[in-house]
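The values are calculated or read from the model by the stated rules, or taken from the named source; none is laboratory data. On a predicted model such as this, the values are computed, not experimentally measured, just so you know. Please note: Cβ atoms are built from the backbone with ideal geometry, for glycine as well, and neighbour counts cover all protein chains shown.
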Amino acid sequence: MSDKKEKFVAIKGMNDILPADAPLWELFENTAESVLKSYGYQKIVTPIVEETGLFARAIGAVTDIVEKEMYSFTDSMNGDQLTLRPEGTAGVVRAVVEHNMAYDGPKRLWYKGPMFRHERPQRGRYRQFFQFGAEAIGFSGPDIDAELIMLCRRLWDDLGLDEIRLELNSIGNAEERQRHRADLIAYFEANMDVLDAEAKRRLHANPLRILDTKNPAMQDLVNAAPKLLDYLGEESLAHFNGLKQILDANNVQYTVNPRLVRGLDYYNRTVFEWVTDALGAQGTVCAGGRYDPLIETFGGKPTPGIGFAMGIERLIELMKAQGEPAEPSQCDVYMVHQGDEARIKAFILAERIRDAGLDVVLHCATPAGAGSFKSQMKKADASGAAFAVILGEDEVANDTVAIKALREADAAAQQNTVAFDEAVDYLVDQIVSGHDHDHGHDHEHVHYHP
Ligand code: HAM
């Protein structure tokens with residue numbers, strides 16, 4: 001037997017989010033949650049695992065996701081066919097129908113969490129990724145479409161992201177798509193020699209998706225193909241125009257992209273994507289649309305729906321590329337101590353400081369030992385704390401602590417001796433008043449929770 005221990009690594013395409021990135025994730029999630037809250041959306045959490053059939057029915061059997069990207073497995077306990085959710089809408093709609101949530105009127109919902117798709121990993125495309133999404137159930141007019149789009153814009157503004165543009169389309173209703181589809185198939189059949197193998201396979205199952213092809217040899221063909229927008233009836237047109245009117249009145253810039261069709265089958269009428277050029281090939285940071293027929297296909301009463309989902313990894317990348325670097329600070333106060341008695345007093349004081357609402361890291365011994373004052377002070381500096389609280393033999397003897405400001409330009413001069421029992425008030429005073437002239441970003445992670 002070999003002595004060598006096997007090293008494990010994470011599954012390909014599934015990422016660790018390390019503490020260095022955690023402040024940005026927190027900033028994104030807190031900002032997104034407060035924007036959603038400011039529009040009256042409520043949180044919903046659904047399971048990560050659902051029956052496989054749920055996704056096939058909601059997303060469509062002839063889609064990339066259902067055909068080849070789902071992590072599906074048989075529950076070895078009972079033989080159930082289960083799938084790790086590839087997206088959030090199917091589960092939310094299942095929950096809305098199961099709990100009869102729309103019976104007393106429409107609902108505005110949001111969710112966040114990991115999704116799983118067995119895609120080829122590359123920058124911005126992962127096998128486990130996080131989405132932040134919203135679903136508005138039971139609203140039929142274009143006003144809710146505009147609201148969802150405008151709350152995205154507010155989020156980009158709040159995060160300081162300005163290189164995201166909006167693409168918009170209407171894919172009409174089932175009959176309109178049916179008429180377009182017949183003409184589209186006839187058009188492609190007349191040009192069979194230009195179609196690639198994938199397009200030929202999709203020709204009768206899902207011809208709309210051919211319009212989404214990246215194949216350069218097919219671009220002229222798809223550009224000249226019959227446009228779904230030209231097949232919209234009066235009601236669908238009125239809906240689309242109503243949406244554009246609200247967006248125009250609110251100064252929301254957009255491009256109508258007649259080739260925007262989306263990769264999931266549940267959509268009708270409004271579809272949209274927020275896209276950036278700053279991230280390379282995977283530039284869609286948020287996508288969504290209306291799915292009016294979906295709830296009925298789950299056995300619910302006919303109830304319209306619309307929503308979107310954002311790819312959090314992509315937005316974090318964009319924040320890194322565009323935003324100010326967030327200075328991660330671990331705590332407000334770092335406790336430095338030397339000697340057994342000092343350690344006991346440091347523990348007691350650290351608990352009292354936390355009771356007052358501040359974040360405290362207490363120096364603890366490592367295999368290298370308890371650490372000299374000097375090495376502990378280095379750790380205090382690296383922690384990003386505003387203050388080091390120091391307890392040594394002298395302080396224990398005099399019932400005092402030394403408190404050193406670590407973030408002031410003249411930090412060397414800023415060390416004060418304070419009575420042990422007054423240390424908490426002193427720190428709270430300093431940190432609360434210090435925030436008035438806080439430097440930097442609005443959303444900087446602030447460690448004081450009054
Ligand atoms: P989707 O377009 O499949 O739509 O995904 C939404 C967003 O999730 C994408 O625009 C992208 O930012 C992110 N995303 C998707 N796949 C990956 C991946 N493999 N790696 C990283 N990020 C990814 C939906 O999921 C719909 N449920 C959206 C929706 C909600 N429509 C109506 N309501």
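One table, with the values for the structure above:
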{"quantity": "Verdict on PHE272 being surrounded by 15 or more Cβ atoms within 10 Å (Cβ to Cβ) and more than 30 Å from LEU54 (Cβ to Cβ)", "calculated": "no"}
{"quantity": "Boolean, TYR71 is among the aromatic types (Phe, Trp, Tyr) and at pLDDT below 95", "calculated": "no"}
{"quantity": "Among (1) free of Cβ contacts under 8 Å to residues at least 40 places away in the same chain; (2) touching a helix residue (DSSP H, G or I) at 6+ places or on another chain (Cβ under 8 Å); (3) exposed (fewer than 15 other Cβ atoms within 10 Å of the Cβ) - the single one GLY233 does not satisfy", "calculated": "(1)"}
{"quantity": "Boolean, GLY263 is farther than 23 Å from GLY141 by Cα, near the ligand (Cβ under 10 Å from one of its atoms) and touching a helix residue (DSSP H, G or I) at 6+ places or on another chain (Cβ under 9 Å)", "calculated": "yes"}
{"quantity": "Residues of segment 45-99 satisfying the condition of being away from the ligand (no atom under 12 Å from the Cβ) and closer than 19 Å to CYS286 by Cα", "calculated": "none"}
{"quantity": "Test: residue in segment 334-356 that is basic (Lys, Arg), more than 16 Å from the ligand (Cβ to nearest atom), over 25 Å from the mean Cα position of the chain (by Cα) and within 26 Å of ALA95 (Cβ to Cβ)", "calculated": "no"}
{"quantity": "Residue ranges of strands (runs of 3 or more DSSP E) in segment 1-118 with at least 2 members closer than 25 Å to ASP292 by Cβ and without any contact (Cβ under 8 Å) to a residue 60 or more places away in the chain", "calculated": "49-51"}
{"quantity": "Qualifying residue in segment 288-308 (condition: farther than 24 Å from GLY105 by Cα, surrounded by 18 or more Cβ atoms within 10 Å (Cβ to Cβ) and more than 9 Å from the ligand (Cβ to nearest atom))", "calculated": "no"}
{"quantity": "Looking only at segment 275-286, and only at residues there that are of a type outside the set (Ser, Thr, Tyr) and surrounded by fewer than 23 Cβ atoms within 10 Å (Cβ to Cβ), the one that is nearest to the ligand (Cβ to nearest atom)", "calculated": "GLN282"}
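One line per residue, one yes/no per condition, for (1) more than 10 Å from the ligand (Cβ to nearest atom); (2) touching a His at 6+ places or on another chain (Cβ under 8 Å); (3) not in a helix (DSSP H, G or I); (4) not β-branched (Val, Ile, Thr):
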position: PHE132; (1), (2), (3), (4): no, no, yes, yes
position: GLU135; (1), (2), (3), (4): no, no, yes, yes
position: ILE144; (1), (2), (3), (4): yes, no, no, no
position: GLU147; (1), (2), (3), (4): yes, no, no, yes
position: CYS152; (1), (2), (3), (4): yes, no, no, yes
position: LEU166; (1), (2), (3), (4): yes, no, yes, yes
position: GLU175; (1), (2), (3), (4): yes, no, no, yes
position: HIS180; (1), (2), (3), (4): yes, no, no, yes
position: ASP183; (1), (2), (3), (4): yes, no, no, yes
